[in-house]
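Take a look at the structure set out below.
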There are 6 protein chains.
Amino acid sequence: MATLGLIEYKDASPEVRAVYDDIMATRKTDWINNFWKALAHDPVTLRRTWESLKEIMTEGALDRLTKELIYVAVSVTNQCNYCIASHTAGARKAGMTDAMLAELIAVVGMANETNSLAGAYQVEVDQQFKA
Amino acid sequence: MATLGLIEYKDASPEVRAVYDDIMATRKTDWINNFWKALAHDPVTLRRTWESLKEIMTEGALDRLTKELIYVAVSVTNQCNYCIASHTAGARKAGMTDAMLAELIAVVGMANETNSLAGAYQVEVDQQFKA
Amino acid sequence: MATLGLIEYKDASPEVRAVYDDIMATRKTDWINNFWKALAHDPVTLRRTWESLKEIMTEGALDRLTKELIYVAVSVTNQCNYCIASHTAGARKAGMTDAMLAELIAVVGMANETNSLAGAYQVEVDQQFKA
Amino acid sequence: MATLGLIEYKDASPEVRAVYDDIMATRKTDWINNFWKALAHDPVTLRRTWESLKEIMTEGALDRLTKELIYVAVSVTNQCNYCIASHTAGARKAGMTDAMLAELIAVVGMANETNSLAGAYQVEVDQQFKA
Amino acid sequence: MATLGLIEYKDASPEVRAVYDDIMATRKTDWINNFWKALAHDPVTLRRTWESLKEIMTEGALDRLTKELIYVAVSVTNQCNYCIASHTAGARKAGMTDAMLAELIAVVGMANETNSLAGAYQVEVDQQFKA
Amino acid sequence: MATLGLIEYKDASPEVRAVYDDIMATRKTDWINNFWKALAHDPVTLRRTWESLKEIMTEGALDRLTKELIYVAVSVTNQCNYCIASHTAGARKAGMTDAMLAELIAVVGMANETNSLAGAYQVEVDQQFKA
């Protein structure tokens, strides 16, 4: 059960509904996922988080799919199950295939392995990487 | 200082040299970065890690640049300074611009933030994400 | 299911019961939460952990509420669901309101975000902070 | 060395200077710490991060000192050296004494210990904590 | 539910079956645990991961039991529930008693505590440890 | 520089000296490593941490060497450089050879890799592991 429960659209205040409406309009969907319904207990954080996410995940120097792949990579590394589920769905919507997902996971696994190898051997950064 | 020191090419055994040679040939460079020189204390791990990395980081369903971006994302999340430095360099070599790096970092920061929000609110996975 | 199961009061050895009794007396409750019942498989660790916790969480330069808030912040960052649940309850008992919880979570989310930004940009510590 | 270097006030664009000015005015200081000078390579992230931080760290249901203590707790758990240094300084400015810092650290250490104990024993959340 | 579902032996391709057969032969069991059935969606990663694991977990300078204990320690620190369950089982098979498990968990808890204390106090590495 | 500086023996209070003396007597050394000199700013935590460590790291169902190897494994996973250095030294003193260290690091790397694979594929715990 969510720490403070979930706030459904019909029970939401006008300011929360405004965010919900913008989420659905932006994503072209007719439902709100639980993350936002939990955050709605704190309307200020709800708005700020949504505005930030919208700004950051927009097509830019990196496309939407690449950004979602990066989001999944971080979520896996943090063992955040909700985020793995929601951003895997987001990545699929942005075009991720099963083959891409499999390669993404392989890279994340390898990165976590070599991150600990580098730490264990206390490897110093090469001069070439500092240039 | 690295835990066990670094093994230079001139001091390396034939089996270690063989891996070094393959790294330089594959990457079309004439030097070996410290990570491999540290790992060379364990030739079996050196070979397995290099073979795995070569297999995983090859162009596939995801291109090389995307894979390097994912690698940086994991390394930042794990606060692995060596890996941030080496894979930022790797990503640049694969075509990452400063604008891409800035967006990558913004996504990683946002993902780390919402990962903790989702955990704090103990958000349950939506049925829609389980389909 | 807990790794080694839970040890209930009626099945506990005298030394485990002594710790259980002290927990209930100190907390002015009539039940023991699962954490201690799991730890009871190792009576030495049970006692040491309880004694340490009692000593650390006492009112001191920081009050009980502040200490519980800090405990929740760490538990969220580690994605430890049991600890989030138990210390959120502990914080409420010490006076945490819903508004405080919401602000706590917002700070934890922000800290996790800027922690990764600082790592990604490899920011060096300012001289002013070393004074 | 910071990944992309630091942008000093004299070299900053008008939009970056505007953020720097607001940081100094809000904090009543005459200098900018390195975190912001690194972030300035991405003026959009610089502005959003500063605006978010200003909003979140304001006196609210929790006072400024408590918020800084929470920030340090997260930074320690993530082993983010820059953040430990900068937010320890921030906490001192908000009134943290050496005795408070020592107790904060003790709580953070204990929380990290019991977080892993709870995970290792796979402790299930008590019904009482779900109420 | 696993991200991509589980692939049972009867539904597996010949190359996946070959890995399954080797896992059962090596472990002298007649079943495959879910980890491999999930990984089977990516036969290349399945094979590489199994070959690596087989090579690494072999009796060597460290015996099988010690290696499984180390595996559990990492899994607890990462709060990976699946890995705690599977490698606790693996460690038991290699000879771990309840008393050993209890001591392992106590060491892991202590290490996580002192890791954060060392970070919080920003302790510098002693010259004696660099020799 | 350590957050609060280091307290040398000659400047220490009698209660801190008592702990220092016990550390040197227990370890049969004539020096104190920086970790304890930093902790000495909080004599209560200094004593409790030392007493806990002494109790936990004693020869028991697991021998001293195995416990130190586990300590290194956790420290690597947490990217705690001080702890990697100090417990690698501790493990060597307890008998760890270079070959053991190399195998330890390989296991830690592999565990970090498969921990993220298990998370990414959201693998469910097998019934067999719950027995």
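Quick note: the coordinates plus some simple rules give every number you see, no bench work behind them. Please read these numbers as outputs of a predicted model, since none were measured by experiment. So basically every Cβ, Gly included, is an ideal-geometry build from the backbone, and we count neighbours across all protein chains shown.
The trypsin sites (Lys or Arg not before Pro) of region E:1-48 that meet both conditions, a loop assignment by DSSP and at most 13 other Cβ atoms within 10 Å of the site Cβ, are E:LYS28. As I understand it, the value is the acute angle between the Cα axis of helix E:98-120 and the longest principal axis of the Cα atoms of chain E; what does it come to in degrees, rounded to 10? Once rounded, one gets 60 degrees.
Placing +1 on the Cβ of every Lys and Arg and -1 on the Cβ of every Asp and Glu, with nothing else charged, gives chain C a dipole about its Cα centre of roughly 260 debye. Note on E:SER13/E:GLN128: beta-carbon distance plugged into 1/(1 + (r/R0)^6) with R0 of 51 Å gives a FRET efficiency of 0.40. Averaging sequence separations of C-alpha pairs under 8 Å and six or more residues apart, then dividing by the length of region D:61-124, give the relative contact order as a whole percent. Relative contact order comes out at 35 percent. Sorted shortest first, the distances from the C:THR29 label point to those of the same residue in the other copies are 3.6, 3.6, 4.0, 4.1, 5.4 nm; each point sits 7 Å from Cα along Cα-to-Cβ. Pairs of Cα atoms nearer than 8 Å and 6+ residues apart set the relative contact order; for chain D it is 17 percent. Going from the residue with the fewest nearby Cβ atoms within 10 Å to the one with the most, F:LEU69, E:LEU53 rank E:LEU53, F:LEU69. Going 7 Å from the Cα of B:GLU51 along its beta-carbon direction, which residues of region E:66-91 have the amide nitrogen within less than 13 Å of the resulting point? What the label zone holds, given the 13 Å backbone N cut-off, is no residue at all. D for region B:1-48, whole µm²/s, Stokes-Einstein with Kirkwood Rh over alpha-carbon pairs at 25 °C and 0.890 mPa s: what number? Answer from the Stokes-Einstein relation: 230 µm²/s. Chain D has one residue whose beta-carbon comes closest to the axis relating it to chain F; that residue and its distance in whole Å are D:GLN79, 3. To the nearest ten degrees, helix B:43-56 and the longest principal axis of the Cα atoms of chain B are 50 degrees apart.
The Stokes-Einstein estimate for chain B, based on a Kirkwood radius over Cα pairs and taken at 4 °C with 1.567 mPa s viscosity, is a diffusion coefficient of 76 µm²/s.
Using a cutoff of 8 angstrom between alpha carbon atoms and counting only pairs six or more residues apart, the relative contact order for region F:7-56 works out to 40 percent. Excluding same-chain neighbours fewer than eight residues apart, the aspartates and glutamates reachable from B:LYS10 by a Cα-Cα span under 19 Å are A:ASP126, B:ASP21, B:ASP22, B:ASP30, B:ASP42. Per-residue shielding of E:36-49, expressed as the average number of other chain Cβ atoms within 10 Å of the residue Cβ, stands at 5.
What's the center-to-center distance, using Cα atoms, between region F:31-73 and region B:52-115 in Å? Each part's Cα centre sits 37 Å from the other's.
Helix A:81-93 axis versus longest C-alpha principal axis of chain A: approximately 90°, rounded to the nearest ten. A simple packing score, the average count of other Cβ atoms within 10 Å per residue, orders the peptides F:103-109, C:40-46, B:122-128, A:114-120 as A:114-120, F:103-109, C:40-46, B:122-128, with the highest score first. Inter-label distance, E:THR29 to C:ASP21: 4.4 nm, where each label sits 7 Å from its Cα along the C-beta direction.
Our coupling estimate for region E:70-77, obtained by passing each phi through the Karplus curve with A = 6.51, B = -1.76, C = 1.60 and θ = phi - 60°, is 5, 4, 5, 4, 5, 5, 5, 4 Hz, Gly and Pro reported as x.
Placing a label point 7 Å from the Cα of B:GLY95 along the Cα-to-Cβ direction, the distances to the matching points in the other copies come to 1.2, 5.4, 5.5, 5.5, 5.9 nm, shortest first.
The alpha-carbon of A:LYS28 sits under 18 angstrom from the alpha-carbons of these lysines, leaving out residues fewer than 8 places away in its chain: A:LYS37, A:LYS54, A:LYS93. Across the identical copies, the 7 Å label point of D:GLU124, projected outward along Cα→Cβ, sits 1.6, 1.6, 5.2, 5.4, 5.5 nm from its counterparts, in ascending order.
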